[in-house]
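Values in this text are rule-based calculations from the coordinates and carry no lab data. Please read all numbers here as calculations on a predicted model, not as lab measurements. So basically every Cβ, Gly included, is an ideal-geometry build from the backbone, and we count neighbours across all protein chains shown.
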Amino acid sequence: GDGDGESLKDSACTDGGGGRAVLWLQCSLRLADNPALLRAVEQAADGLAVVFVWRHGQRPSTASAVFECAAAHSLDKALHKLGNRLVVLHSDDDDTKAAQAVAQIVHKTGAQLAVLDASSKCGTSCASLLENALSDLGNNAALEIFADSHLLLPFDVSCRALGRSRTGGKILRWPTYLRAAACLEDDIGERPRAPPGVSKKKAKRAASSGLKPSRLSPYLRWGVISARQVASPCSISTFLSYLFGFLCRSSDLFF
């Protein structure tokens, strides 16, 4: 639901470590397989505020915005079942103003920790904006950043995450790259190859049939599901039930 932070003092408590926390979700709008949410819960024994910034005015005007609205609506319902709600802040489509709005929530709630979901196309740029906004308020809350390592971000976003050179050119800082590379998961090995003996006739038939789109792009874009959930063959039933639940919870927005 909408909120300005005044009622967040009474937000639902969790069983985590000390203090209050504010979680700013940008495009990981889900409960399952969400490292940023898990970290915030661990540090929010006295209360957790899950914040989302809406930047599309009174009505969504694009298909992407409509799906974003449905994803946020679905997350709010899921949080409500756990005794919490999604705090929706309204802002212009401007990263600086969005960061300032979130900083106000952190300041008003007295949170000791702000957790940022940095998996969006903005990358970690919102982190510095939020840090500056908190500093302007004289707030010394800690800031932690989480990004989905299973998503391939645009090249310019990857460059910002790895660190530009001091002159702002295209040369990356080598030490920064090494630190980022050290956090990558182990190599999963080569992809399995097709078995030998496939006839040319079958190959031509497969080539002419074309690839069918998965239609999962919006679900991945707004983090309704994670790439790891999609890729895991053992969780296909859970994955399908989650999609069905999402459509049911958001039926009033789609139908």
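Observations, loosely collected:
- Distances between placed amide hydrogens fall under 5 Å for Val224 paired with Leu29, all partners being 5 or more residues away or on another chain.
- Using R0 = 35 Å, the C-beta based FRET efficiency linking Asp136 and His80 works out to 0.60.
- Sequence-distant residues sharing a close amide H with Ile145 (under 5 Å, placed H): Leu116
- Estimated at 0.36 nm per residue, the fully extended path between Leu178 and Thr62 surpasses their Cα-Cα distance by 37.8 nm.
- Protection proxy ranking of 70-79, 41-50, by the mean of other Cβ atoms within 10 Å over each peptide's residues and highest first, is 41-50, 70-79.
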